[in-house]
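Colleague: The structure follows.
FYI, it's all coordinate maths here, none of it is from the lab. Please read these numbers as outputs of a predicted model, since none were measured by experiment. Reconstructed Cβ throughout: ideal geometry from the backbone, glycine too, with neighbour counts over all protein chains shown.
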């Protein structure tokens, strides 16, 4: 399948535009917050590691396996982070939302929920996916609660399946939303996001 993996997605709360290497300077400031990478396999708080991280993300987009965005807060018009719909597998009709990291100033403002709504809508309605997965470090309760808050179903824990940047073997909590659940999840999110 040939798909547009560089769409601009937006609503009153968030703008997602295709990631560019030119965004690195603003993203580096956000990457200084350890909460954005401590549960991941790469510490991208240094300029070189961030450039490599962003380049790899763009390469995945070029291969047709990821849509990668820079998050912009439309209220301030400032870059607020980055996110992806990645591991896109058109044969099996699935993908994963993740690699999301945002400025601490916009946490708890509804921006994350508005962003996930747009990505889910794009995945199910534009790409025609059957399943969208999300995962979080078992210990990251903030992310796990946010995933449940968008209507994803908990599937279980993959034990010690991923090595973090510091060598720790992370166990990951897996969640998903299916195409058959999307209408109900969409209605729930639209009720919470009163501006939709």
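Colleague: What value, in deg cm²/dmol to 500, does the helix sum -39500 (n - 2.57) over DSSP H runs of n ≥ 4 give at 222 nm once divided by the residues of the chain?
Modeller: -9500 deg cm²/dmol
Colleague: If you build a Gaussian network model of the chain, linking Cα atoms that sit under 10 Å apart, which residue out of 11, 92, 43 swings the most?
Modeller: Taking springs between Cα atoms under 10 Å, the residue moving most is 92.
Colleague: Could I have the simple spin-label model distance between residue 148 and residue 171, label points 7 Å from Cα toward Cβ, reported in nm to one decimal?
Modeller: The answer from the label model is 1.6 nm.
Colleague: Let me ask something additional. Counting other beta carbons within 10 Å of each Cβ, put 100, 65, 76, 83 in order, fewest first.
Modeller: With the fewest neighbours first, 100, 65, 76, 83 line up as 76, 65, 100, 83.
Colleague: Order by neighbour count: 79, 147, fewest other Cβ atoms within 10 Å first, most last.
Modeller: Fewest-to-most ranking of 79, 147: 79, 147.
Colleague: Residue 55 label point, 7 Å along Cα→Cβ, cut-off 17 Å on backbone N: hits in region 18-47?
Modeller: Hits in region 18-47 for residue 55 at 17 Å: 20-25, 28, 42-47.
Colleague: I need 135, 78, 29 ordered by Cβ neighbour count within 10 Å, fewest first.
Modeller: Ascending number of Cβ neighbours within 10 Å: 29, 78, 135.
Colleague: Return the whole-Å distance between the Cα centroid of region 163-196 and the Cα centroid of region 7-39.
Modeller: Here the two parts' Cα centres lie 19 Å apart.
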